[in-house]
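Here's the structure, in structure tokens; my notes come after.
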Amino acid sequence: MDNEGFFQRAYGVVRLIPPGRVATYGQVARMMGEPRKARYVGFAMHSSPGLSGGVPCHRVVFADGSLAPGFAFGGPEEQRRMLEAEGVGFLASGKVDMRRFEWEA
DNA sequence: TCCGTGACGGTGG
DNA sequence: GCCACCGCCACGG
């Protein structure tokens, strides 16, 4: 459960992201006290139980607002749909409008 | 011990 | 504004 300890911490933070808001991998890592492990956070999301497991990993995006290329729920398109359903706005470029929807703890 | 790998991030062309 | 390269960290072969 060691590695999972890190995973659980990541999930714990992600669970705090309110609907209609998004957080970046680096942001999550920073809240865990380990800003250098952004990549590891990404891996945690990849292995996450998903929204059904209480981990809204679709609310975690890249620092520039782009979505993960290999999203597990059915592609970035599905992820975008879920975010839009929560009220998150996208730019014409297909990226999240971070200026308005980035989560501020 | 060195090399390769990855849902990242910042910088430079 | 998009693309490419480099730096980070932990892990496995």
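The values are calculated or read from the model by the stated rules, or taken from the named source; none is laboratory data. Only a predicted model underlies this, so the values are computations on that prediction, with no experimental measurement involved. Cβ: placed from backbone, ideal geometry, glycine included. Neighbour counts: every protein chain shown. These area figures cover heavy atoms from the full protein model, side chains too; ligands, DNA and RNA do not enter into them. Shrake-Rupley method; radii C 1.70, N 1.55, O 1.52, S 1.80 Å.
A few comments on the model shown:
- For the condition more than 16 Å from DNA strand C (Cβ to nearest atom), modelled with pLDDT under 95 and surrounded by fewer than 15 Cβ atoms within 10 Å (Cβ to Cβ), A:SER48 does not qualify.
- Pair list, Cβ < 7 Å and 6+ apart or interchain, from the range A:93-105 residues that are under 17 Å from A:ARG15 (Cβ atoms) to residues that are among the hydrophobic types (A, V, I, L, M, F, W, C) and open to solvent by 70 Å² or more (accessible area, probe 1.4 Å): A:ALA105/A:MET31
- Residue in the range A:71-88 that is crowded, with 18+ Cβ neighbours inside 10 Å, at pLDDT below 95, near DNA strand B (Cβ under 10 Å from one of its atoms) and of a type in the set (A, V, I, L, M) present: no
- Whenever a residue of the range A:25-47 is touching a residue at least 12 places away in the same chain (Cβ under 8 Å), it has no partner that is among the polar types (S, T, N, Q) and more than 8 Å from DNA strand B (Cβ to nearest atom) lying with C-beta atoms less than 7 angstrom away and at least six residues away or across chains.
- The single condition from (1) open to solvent by 30 Å² or more (accessible area, probe 1.4 Å); (2) modelled with pLDDT of 95 or more; (3) closer than 26 Å to A:GLY94 by Cβ that A:VAL14 fails is (1).
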